[in-house]
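Below is one structure, written out as structure tokens, with a few remarks after it.
The values are calculated or read from the model by the stated rules, or taken from the named source; none is laboratory data. All figures in this text were calculated on a predicted structure; none of them were measured in a lab. When we count neighbours, we look across all protein chains shown, and the Cβ atoms used for this are built from the backbone with ideal geometry, even at glycine.
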Amino acid sequence: MKNVLLGAAVAAAMLPGLANADEGKWYINPAVGYQIFDGDRDLDESATALLGVEKEINNNWGVEVRATFADADHYRGNQRRDAEAAGINLDVLRYYKHADSKWVPYSAFGIGHAEINPETGASDVYTQMNLGGGVRYLLDDNWSIRGDARYFYGNDNETSDGIFSIGVSYAFGGSPAPAPAPAAPTDSDADGVADGVDQCPNTPAGVAVDARGCALDKDGDGVPNYRDKCPNTPAGRQVDKFGCKFVLKQTESIKLEINFPLDSDAIPAAYRGELEKVASFMKKFGGVKAVVEGHADSTGAAAYNKQLSQRRADAVRNALVRDYGIASDRLAAVGYGEERPIASNSTSEGRRANRRVVAVMEAETVK
């Protein structure tokens with residue numbers, strides 16, 4: 001027994017050197033168990049008391065010094081005597097921890113010293129190796145229940161023993177569990193600016209952004225660089241969606257309307273100003289083309305009125321070409337006769353309004 005106590009003292013002294021005191025917890029592991037002895041020992045199976053001191057090295061590994069004590073029946077012939085069995089072991093533990101689980105399985109292996117002291121006769125002292133494992137159930141941060149099973153092999157006399165035990169553990173010391181790392185901020189458009197501060201949350205991939213998560217706009221015209229086709233717009237200038245000078249388009253139009261005397265295709269002198277105005281418009285806007293429409297009232301035969309309206313339209317077209325230099329391919333003349341009246345032919349005023357030549361010209365201008 002003295003040898004076992006000495007071994008226990010030596011093993012306990014080794015613990016601080018084997019474990020980093022700043023890493024895991026310390027455990028005190030008292031337990032009770034049942035020990036099965038090799039048949040060659042002439043020892044009955046026996047209840048066993050155990051006491052261990054365990055140190056976590058890190059989340060996966062630990063070391064333990066564990067002592068065992070048993071009072072077994074020893075038979076020599078027909079005589080039964082008491083025998084004390086004690087052991088001390090230094091074990092390495094491999095933990096199998098799982099996040100959020102209270103169960104911690106482990107495996108163990110180690111080496112130690114055992115001694116059997118019968119009531120009569122010589123003591124048996126030997127070295128033994130052990131292999132086994134168990135599981136710990138965590139009750140809270142300090143208390144747990146541990147079940148353990150070991151196989152012991154005596155190197156000196158080739159004996160095989162076993163111990164099954166259950167006990168409680170008290171944990172203390174060690175570094176507190178590290179706080180979980182803060183979750184990475186979400187950045188839905190992957191522009192490097194977290195959603196919580198991103199003022200432009202749908203920036204296209206690869207577009208350079210500022211601290212607000214908005215696409216860069218070098219000239220400050222409101223159109224981001226990646227869409228700006230005119231990147232050096234002067235400050236204050238109004239621009240279009242492409243970042244270029246805003247172009248305002250508008251339509252300008254002019255209407256020609258000449259009324260003719262009854263049964264005549266001669267242009268009244270009073271309408272010369274109308275012709276000059278139209279000619280000036282067509283010269284200003286060189287792309288303008290027009291159709292000159294001739295009309296008649298219902299006086300006379302319809303076929304005649306058709307011819308008359310065509311002569312009126314031709315007269316106006318020819319005047320613009322001949323007198324004002326308008327290219328002939330820019331003007332067409334069509335006579336509609338009495339088909340399209342704009343007033344009643346039952347009155348002289350209505351008939352006068354229907355004897356007309358009209359044309360509408362439009363041009364698109366840019367500001």
Any residue at all in the stretch 316-332 that's of a type in the set (Gly, Ala, Ser), surrounded by fewer than 20 Cβ atoms within 10 Å (Cβ to Cβ) and in a loop (DSSP other than H, G, I, E, B)? yes
Do we find a residue being closer than 30 Å to Gly294 by Cβ, of a type in the set (Phe, Trp, Tyr) and out of contact with any Asp or Glu (no Cβ under 8 Å at 6 or more places or on another chain) anywhere in the stretch 220-235? no
Determine which single condition Ile258 fails, assuming it passes every other condition in (1) more than 30 Å from Gln199 (Cα to Cα); (2) not assigned by TED's automatic domain parsing to the domain that holds Thr347. (2)
The lone condition Trp143 fails out of (1) at pLDDT below 95; (2) at negative phi; (3) surrounded by fewer than 13 Cβ atoms within 10 Å (Cβ to Cβ) is (1)
Here are Gly7, Gly24, Gly33, Gly52: which of them is of a type in the set (Gly, Ala, Ser), at pLDDT 65 or above, buried (at least 21 other Cβ atoms within 10 Å of the Cβ) and not in a strand (DSSP E or B)? Gly24
So which residues in the stretch 294-348 are in contact with a Ser or Thr (Cβ under 8 Å, 6 or more places away or on another chain) and of a type in the set (Gly, Ala, Ser), if there are any at all? Gly294, Ala296, Gly335, Gly337
Of the residues that make up the stretch 339-356, is at least one touching a helix residue (DSSP H, G or I) at 6+ places or on another chain (Cβ under 7 Å), in contact (Cβ under 8 Å) with a residue 12 or more places away in the chain and surrounded by 14 or more Cβ atoms within 10 Å (Cβ to Cβ)? yes
Any hit, the stretch 178-192, residues being loosely packed, with under 13 Cβ neighbours inside 10 Å and more than 30 Å from Gly213 (Cβ to Cβ): yes
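Listed here are the residues, each with its yes/no results for (1) outside any strand (DSSP E or B); (2) closer than 22 Å to Ala47 by Cβ; (3) modelled with pLDDT of 90 or more.
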{"residue": "Asp82", "(1), (2), (3)": "no, yes, no"}
{"residue": "Leu90", "(1), (2), (3)": "no, no, yes"}
{"residue": "Ile116", "(1), (2), (3)": "no, yes, no"}
{"residue": "Ile166", "(1), (2), (3)": "no, yes, yes"}
{"residue": "Ala179", "(1), (2), (3)": "yes, no, no"}
{"residue": "Ala183", "(1), (2), (3)": "yes, no, no"}
Mind telling me which of the residues Tyr126, Tyr153, Tyr137, Tyr170 ends up being under 44 Å from the mean Cα position of the chain (by Cα), surrounded by 12 or more Cβ atoms within 10 Å (Cβ to Cβ) and aromatic (Phe, Trp, Tyr)? Tyr137
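Here's the yes/no breakdown for (1) closer than 30 Å to Asn202 by Cα; (2) touching a Phe, Trp or Tyr at 6+ places or on another chain (Cβ under 8 Å):
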position: Pro231; (1), (2): yes, no
position: Glu257; (1), (2): no, no
position: Ala279; (1), (2): no, yes
position: Ser298; (1), (2): no, no
Restrict the check to the stretch 296-314 and report whether at least one residue is part of a loop (DSSP other than H, G, I, E, B) and of a type in the set (Phe, Trp, Tyr). no
Selection within the stretch 208-246 - within 31 Å of the chain's Cα centre (by Cα) and among the hydroxyl-bearing types (Ser, Thr, Tyr): Tyr226
